[in-house]
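A short worksheet on the structure shown next.
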Amino acid sequence: MSVRRTLDLLEQYELKAKKKYGQNFLVDEKIIQKITDTVEAGENVIEVGPGLGALTGRLLRKAGKLTAYEIDGDLVEILKQQFPDEKLQLVNEDFLKAELHDGKSVLVSNLPYYITGDILLKCFWEKDKLCRMTVMMQKEVADKFFAEGYPYGMLNVLADLYSEYRIICKADRHCFIPAPNVDSIVMEFVFNDKVLDEGFCSFLEACFRQRRKLLSGNLKKAGYQINRDLGKIRVDELSPQELYRLYEEVR
Ligand code: SAM
């Protein structure tokens with residue numbers, strides 16, 4: 001969506017971008033194109049946070065069906081008027097509480113940055129309903145997926161074990177209205193077919209709950225029985241594969 005159109009819409013509906021919802025509207029046509037190019041014609045798409053519709057219009061042209069979750073009721077009203085398309089299901093709901101429908105969809109989002117980690121975690125937990133996701137996130141968060149060594153977090157473990165990921169493009173802060181305080185990166189994650197079982201999710205939560213403490217203590221506290229001496233290891237000294245092997249030992 002152009003700068004002019006974004007400003008016009010905000011003025012016409014007497015709205016301001018709401019900081020509490022992480023509203024930074026994308027106004028760079030090339031980046032919009034690169035993001036929407038990652039969707040194949042006819043695919044079912046989920047969009048998180050359509051905002052004023054910067055991505056929504058182009059997604060609608062390609063998607064078989066588009067389900068868009070937007071927490072801000074003011075924006076949902078604008079979107080309804082802009083896109084009276086039967087292919088679009090607009091859901092005025094917090095995506096973190098949403099129940100995703102069965103079948104494989106592609107998720108696309110210029111993420112609200114205040115909950116980037118939570119949304120990405122939800123997508124991994126529910127990866128059986130998603131085949132891919134293309135997401136814009138803060139550069140600092142994206143960088144962690146490519147950092148050599150540690151420390152790392154639960155997301156790195158999940159991304160390494162359950163997806164292939166790559167950078168689609170970079171977006172500096174001037175690609176948005178209002179400009180955020182950080183630069184951004186668009187990443188694509190292609191989920192693999194490995195089953196992510198609930199037991200492993202709970203195990204990871206126990207490992208990372210107090211990540212500075214000894215791993216053996218964290219696991220014992222969560223009720224796991226460890227039959228060998230883990231010494232003074234902390235969670236981020238183990239690779240994702242080593243963590244999975246440890247899970248197989250203690251489950
Ligand atoms: N997609 C639009 C764009 O690219 O211009 C807007 C992106 S803006 C960074 C993030 C959007 O997510 C906002 O529209 C915001 O209202 C919405 N949002 C924030 N928290 C949300 C949540 N928990 N569930 C659904 N949408 C949310």
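Nothing in this text is a laboratory measurement; each read-out follows from the coordinates by a stated rule. Here the structure is a predicted model, which means the values were calculated and not measured. Methodologically, a virtual Cβ is constructed for each residue, glycine included, from the backbone with ideal geometry; neighbour enumeration extends over all protein chains shown.
What angle do you read, to the nearest 10 degrees and between 0 and 90, between the alpha-carbon axis of helix 198-209 and the longest principal axis of the chain? Tilt of helix 198-209: around 80 degrees.
Seen from residue 43, the other residues with C-beta closer than 11 Å to its C-beta sum to a net charge of +3, counting Lys and Arg as +1 and Asp and Glu as -1.
Segment 173-229 and segment 41-100 have Cα centres lying 28 Å from one another. Helix 240-250 sits at what angle to the longest principal axis of the chain, using alpha carbons and giving 0 to 90 degrees rounded to 10? In the chain, helix 240-250 runs at an angle near 50 degrees to the longest axis.
Student exercise: in segment 171-251, how many lysine pairs 8 or more apart or on different chains have Cα atoms under 16 Å apart? Display every interim value, and only then the final one.
On the way: 213/221; 213/232; 220/232; 221/232.
Lysine pair count for segment 171-251: 4.
Cβ crowding within 10 Å ranks 141, 48 as 141, 48, fewest other Cβ atoms first. When 213, 62 are arranged by Cβ crowding within 10 Å, least crowded first, meaning fewest neighbours, the order is 213, 62. Taking the Cβ of residue 145 as the center, what net charge do the other residues with Cβ under 12 Å away carry, scoring Lys and Arg +1 and Asp and Glu -1? Cβ neighbours under 12 Å give a net charge of -3. In summary, the lysines within cross-link reach of residue 30, defined as a Cα separation below 21 angstrom excluding same-chain residues under 8 places away, comprise 62, 139, 170.
For residue 80, the aspartates and glutamates whose Cα falls under 13 Å of its own Cα, not counting residues fewer than eight places away in the same chain, are 70, 72. For the chain, set up a GNM with springs between Cα atoms under 10 Å and report which of 58, 212, 173 has the largest fluctuation. Its mean-square fluctuation being the largest, the pick is 212.
Each stretch of four or more DSSP H residues adds -39500 (n - 2.57); spread over every residue of the chain, this sum gives -10500 deg cm²/dmol at 222 nm. Of all beta bridges DSSP finds with both residues in the chain, what is the antiparallel percent, to the nearest 5? Approximately 50 percent, going by the DSSP bridge assignments. On a per residue basis, the convex hull of the C-alpha atoms belonging to segment 3-191 measures out at 109 Å³. Neighbours of residue 103, meaning other residues whose beta-carbon lies under 11 angstrom from its beta-carbon, give a summed charge of 0 when Lys and Arg score +1 and Asp and Glu score -1.
Relative to the longest principal Cα axis of the chain, at what angle does helix 3-12 sit, 0 to 90 degrees, rounded to 10? Taking Cα atoms only, the helix is inclined about 80 degrees.
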